[in-house]
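The values are calculated or read from the model by the stated rules, or taken from the named source; none is laboratory data. Keep in mind that this is a model prediction, so the values were computed, not measured. Positions of Cβ are generated from backbone atoms using ideal geometry, with glycine treated the same way; all protein chains shown enter the neighbour counts.
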Amino acid sequence: MTARSTRSRHADGLRRILSWQWRFHPLAFAAGLAMSFVPAIAGITLLGLSGWFITAAALAGLTGVFLNVMIPSALIRGLALARTFGRYGERLVTHDATFRFLADLRCRIFSGQAREAGSGRVWRSAGLLGRLTADVAALDGVYLRLAVPTVVAAGVGAVVILACALLSPSLALGPLFALVATATVASGLVRHRKSADGRRLEAAQEALRVRTVDLVAGRRELAVYGGLDARRAAILAADARMGDAEAALQARIVRANVWAGFAAQAAVTLTLALALWLVASGDLDLPRAVAAVLLVLGLPEVLAGLIAGYSRIGLMARAADRATARAGSVETAPQEPFTLKAVMSASGEPAGGHDVLTLDGVTFAWPRAARPVLENASLQISAGEWVCIVGPSGSGKSTLASLASGLLGPLSGAVRLGGTDLAALGEAELRRRITVIGQRPALFNDTISANLRIADQTASDDRLWQALEAAALKDRIARQPEGLETVLGEGGLGLSGGEQRRLGLARAYLTTPDLFILDEMTEGLDAPTAALVLDRFTAFRGKAAVLMIAHKREEMARADRVVSVGALQGRV
Ligand SMILES: Nc1ncnc2c1ncn2[C@@H]1O[C@H](COP(=O)(O)OP(=O)(O)OP(=O)(O)O)[C@@H](O)[C@H]1O
């Protein structure tokens, strides 16, 4: 990719963020910009007017010339109030505009991401989630630290140049120089925004996050196998890299500030010299000369905001590229609302015939895999039918279960529920009609009842006990002094592995889906418990169809049909 195309891509991300913010909240956007001028103009005018007034009053005192003090002192009080309240109002309005926009953008990015995850193009991970939240946080600067300071610096700079030119045309030179020099420093920051430091900082932050999560999640294995020290060293290395990258970035920011400060002081010196020369030559009176110098003296405060914002433009530009790429798919993706009519016929039967689940010529490959896991796989499961999928380890059984449940989307072919493509079903509808029981249920550091009610917020205690009984766990929980209110440790600590799996089953039993998808349901259970769990599930499932990934004979014995994953793809 050429430097020019990368540059325009970066500019595009930032431009799109700004244009979205304008489109979503035009009033707040414009009001924020307008409000930002109030404290800046009031502050700089206050400085110039005060300088003029103090000098003019002193001269009037010395020479006895009449000076109307009422109007300037009233103006000074008014400007001081305008500056204070203007700054408060500006913060309120610009931050409100930004947070409203970010709330929208966050939803767009996350729903775009969910759609992509559903299409199988990417998969969810803690790293990705961290990146997304960091990107959205970085984007609050696009309006607040780039757009507002740029517009304010240009506007206030023009006002000061005009005011100085009205006092004496040559006095416009100082503020003009300050403005051009600051713009040059800012454009240097824009040119360097793709420097390796920013990318290194992001990479180190990500490594730190992922390694810390890994250490916490895997601390038991690491302690058992003696890997804690190596992990700790890896975290410290990422932390050191982050510190180095941050220091390099800060050094550039400091250099930019030094140059901008130098340029501002040079502009003040130039204005002072010109003003003295004009006073000496009798072309300007002293109060106006002081006013001009103080007007230019107030400019660096306004221009400093610009440099501070542009110092972080690289981080913002990369965040904007990633965010717009993700949220962009939401803009273009068809947002067909789910309608019950589209799926069910008047009789309540699935509209597409008697099949509950249809896989039609499904092909799927994991990113970066040499070849597809599944190629042209087809399967039909009728209402109430129990189908077992078997196959050697790594043949793609769990991948098939994820495709059938809509957690992954096929690269080609179609997966349909009751005749409707899964992609066309709303997420809530999909989860209501399909219940997935995976190999390892996610259990939270909360009470047993709260862990169960994830599946149904409104379930009564009686229903929870029924579900626990169906999962062969009722007696075990009833023995706990706190019963349903027993608090589990992180990841279900306090229950054995088999009990944790059965609690996952009990949670699934709070749903009434058309299709259960079971991935090695009785894995890790002893033979009598596995038989009990299968008996209870058989009684519990009612008319729901079942797609079961199975390794055990006892599981296959319950099925109406046993199909190998190879046979689904026409390989027997
Ligand atoms: N998230 C993933 N990213 C990349 N490749 C994956 C991912 N999950 C699975 N695979 C690969 O896809 C192939 C099929 O995996 P899958 O888990 O579907 O097999 P399986 O038949 O369920 O195996 P097992 O019986 O051992 O659970 C394997 O080669 C595996 O390495």
Query raised in the report: Out of curiosity, is Ala539 at pLDDT below 85, outside any loop (DSSP other than H, G, I, E, B) and not hydroxyl-bearing (Ser, Thr, Tyr)?
Result: yes
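Inside the range 353-410, can you point out the residues that are β-branched (Val, Ile, Thr) and assigned to a strand (DSSP E or B)? Before you say what the answer is, go through the steps one by one.
Going residue by residue through the range 353-410, those that are β-branched (Val, Ile, Thr) are 356, 358, 362-363, 373, 381, 387, 389-390, 399.
Across the range 353-410, the qualifying residues are Val356, Thr358, Val362, Thr363, Ile381, Val387, Ile389, Val390.
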Requested in this report: Exactly one condition in (1) out of contact with any Asp or Glu (no Cβ under 8 Å at 6 or more places or on another chain); (2) over 11 Å from Ile437 (Cα atoms); (3) away from the ligand (no atom under 16 Å from the Cβ) is not met by Arg502; state its number.
Outcome: (2)
Requested in this report: Scan the range 445-463 and give yes if some residue there is assigned by TED's automatic domain parsing to the domain that holds Thr529 and within 12 Å of the ligand (Cβ to nearest atom), otherwise no.
Outcome: no
Query raised in the report: Can you name every residue in the range 488-528 that is of a type in the set (Ser, Thr, Tyr) and buried (at least 21 other Cβ atoms within 10 Å of the Cβ)?
Result: Tyr509, Thr522
Requested in this report: Take the range 559-572 and flag every residue that is modelled with pLDDT of 85 or more and more than 43 Å from the chain's Cα centre (by Cα).
Outcome: Ala559, Asp560, Arg561, Val562
Query raised in the report: Has the range 79-93 got at least one residue that is of a type in the set (S, T, N, Q), closer than 17 Å to Leu286 by Cα, at pLDDT 85 or above and part of a helix (DSSP H, G or I)?
Result: no
Requested in this report: Please list, ordered by first then second residue, the pairs with beta carbon atoms under 9 Å, 6 or more apart or interchain, first in the range 83-94 and in contact (Cβ under 8 Å) with a residue 40 or more places away in the chain and on the phi > 0 side of the Ramachandran plot, second part of a helix (DSSP H, G or I) and buried (at least 17 other Cβ atoms within 10 Å of the Cβ).
Outcome: none
Requested in this report: Quick one: in the range 382-437, of everything that is more than 9 Å from the ligand (Cβ to nearest atom) and of a type in the set (Lys, Arg), which residue is surrounded by the fewest Cβ atoms within 10 Å (Cβ to Cβ)?
Outcome: Arg432
Report task. Name every residue in the range 552-572 that is within 16 Å of the ligand (Cβ to nearest atom) and charged (D, E, K, R), in order of residue number. Result -> Lys552, Arg553, Glu555, Arg571
Query raised in the report: Counting just the residues of the range 505-536 that are within 16 Å of the ligand (Cβ to nearest atom) and in a strand (DSSP E or B), which one comes out modelled with the lowest pLDDT?
Result: Asp519
Query - Within the range 214-234, tally of residues that are surrounded by 14 or more Cβ atoms within 10 Å (Cβ to Cβ) and part of a helix (DSSP H, G or I) - result: 6
Query raised in the report: Can you find even one residue in the range 287-308 that is under 26 Å from the mean Cα position of the chain (by Cα) and outside any helix (DSSP H, G or I)?
Result: no
Report task. Tell me, yes or no, whether the range 564-571 has at least one residue that is surrounded by fewer than 16 Cβ atoms within 10 Å (Cβ to Cβ) and touching a residue at least 60 places away in the same chain (Cβ under 8 Å). Result -> yes
Requested in this report: Would you confirm whether any residue within the range 321-336 is under 30 Å from Trp386 (Cα atoms) and either within 16 Å of the ligand (Cβ to nearest atom) or modelled with pLDDT under 70 (or both)?
Outcome: no
Report task. Hey, can you tell me all the residues within the range 246-263 that are free of Cβ contacts under 8 Å to residues at least 24 places away in the same chain and surrounded by 14 or more Cβ atoms within 10 Å (Cβ to Cβ)? Result -> Arg255
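Could you pull out the residue among Ile549, Ile477 that is at pLDDT 85 or above and within 16 Å of the ligand (Cβ to nearest atom)? Spell out how you get there, then give the answer.
Working: Ile477 fails: within 16 Å of the ligand (Cβ to nearest atom).
Just one listed residue meets the conditions, Ile549.
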Query raised in the report: Scanning the range 440-467 for residues that are in a loop (DSSP other than H, G, I, E, B) and more than 29 Å from the chain's Cα centre (by Cα), which turns out surrounded by the most Cβ atoms within 10 Å (Cβ to Cβ)?
Result: Ala459
Requested in this report: With respect to Leu495, determine if the residue is modelled with pLDDT under 85 and either more than 16 Å from the ligand (Cβ to nearest atom) or not assigned by TED's automatic domain parsing to the domain that holds Leu484 (or both).
Outcome: yes
Query raised in the report: So Gly391 clears everything in (1) at pLDDT below 85; (2) of a type outside the set (D, E, K, R); (3) touching a Gly at 6+ places or on another chain (Cβ under 8 Å) except one condition, right? Which one?
Result: (1)
Query raised in the report: Does the range 350-371 include one or more residues that are in contact with an Asp or Glu (Cβ under 8 Å, 6 or more places away or on another chain) and at pLDDT 90 or above?
Result: yes
Query raised in the report: Just checking, which of Gly282, Gly243 is more than 30 Å from Ala56 (Cβ to Cβ) and either surrounded by fewer than 17 Cβ atoms within 10 Å (Cβ to Cβ) or in contact (Cβ under 8 Å) with a residue 40 or more places away in the chain (or both)?
Result: Gly243
Query raised in the report: How many residues are out of contact with any helix residue (DSSP H, G or I) (no Cβ under 6 Å at 6 or more places or on another chain), under 30 Å from Pro300 (Cα atoms) and touching a residue at least 12 places away in the same chain (Cβ under 8 Å) when one looks only at the range 191-226?
Result: 3
